[in-house]
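Asks: Here it is: the structure, laid out below.
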Amino acid sequence: MLDYAEDLLNPRLVLLDRGFYSVEAIRELKSRKMGFIMPAKKTSPVEKICKEFKKGEASAETDYTVSGRKGEEEVRLLLSEKETENGKEIHPFITNPDIDPDEASENYSWRWRIETNIRELEKFKPFTTSQSMELRRLYFLISMTLYNLWILTRDGKEHPRGHEFKDWLEIELISFKVLKKSRAKPPPLPALA
């Protein structure tokens with residue numbers, strides 16, 4: 001996947017989920033000189049560092065060794081503190097670029113946005129049992145067009161949500177059609193006596 005991405009663009013920073021937390025993945029990214037950010041697995045050592053940080057006994061940035069069956073890799077462990085409805089939570093990240101914890105958290109938030117957008121895009125996909133790739137591609141392009149139209153109409157607002165958009169669009173199109181019909185024919189001229 002990295003080879004494919006490098007053919008298309010030059011990624012400076014790769015945002016990975018916890019599923020890639022392994023010596024092999026870290027080693028591969030480092031060998032390609034790619035910056036990365038991923039949530040740290042909450043292992044006993046990471047939990048211990050988080051607790052010490054919460055008490056003010058540990059720094060928000062520390063050198064850390066990820067260990068596995070295939071060896072060890074040195075990374076930076078960054079602890080980002082976020083205020084939630086349950087109080088302050090510590091989010092540990094591992095990374096290799098020289099960034100601070102808040103910057104890592106801000107950069108990683110783009111991954112959450114992307115995943116949210118992918119979930120929303122799924123709501124625009126029509127259902128088909130067709131085996132035709134042409135039809136499937138057409139449906140995908142239509143769903144992308146509708147999704148982008150939805151993003152434009154929202155203009156940064158919360159509503160309409162993806163599942164409400166179809167009804168909203170139908171009402172807007174009917175309103176447009178009615179308004180267009182009423183404007184299309186000017187009223188008849190009064191008859192002169």
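The values are calculated or read from the model by the stated rules, or taken from the named source; none is laboratory data. Just so it is clear, the structure is predicted and the values come from calculations on it, not from any experiment. Neighbour counts are summed over all protein chains in view; Cβ atoms, including those assigned to glycine, are modelled from backbone coordinates with ideal geometry.
Every residue, every condition in (1) modelled with pLDDT under 85; (2) closer than 21 Å to ILE151 by Cα; (3) out of contact with any Lys or Arg (no Cβ under 6 Å at 6 or more places or on another chain), yes or no:
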| site | (1), (2), (3) |
| --- | --- |
| THR84 | yes, no, yes |
| GLU89 | no, no, no |
| ASP98 | no, no, yes |
| ASP102 | no, no, yes |
| ASN107 | no, no, yes |
| TRP110 | yes, yes, yes |
| ILE118 | yes, yes, yes |
| GLU122 | yes, yes, yes |
| PHE127 | yes, no, yes |
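Asks: Could you tell me which residue of the range 102-153 is farthest from PHE165 (Cα to Cα), considering only residues that are basic (Lys, Arg) and part of a helix (DSSP H, G or I)?
Replies: Residue satisfying both the conditions and the ranking: ARG111.
Asks: Right, another one. If I ask for residues that are surrounded by fewer than 10 Cβ atoms within 10 Å (Cβ to Cβ) and either part of a helix (DSSP H, G or I) or assigned by TED's automatic domain parsing to the domain that holds LEU78 (or both), which ones from the range 154-165 would you list?
Replies: If the condition is that a residue be surrounded by fewer than 10 Cβ atoms within 10 Å (Cβ to Cβ) and either part of a helix (DSSP H, G or I) or assigned by TED's automatic domain parsing to the domain that holds LEU78 (or both), then no residue fits.
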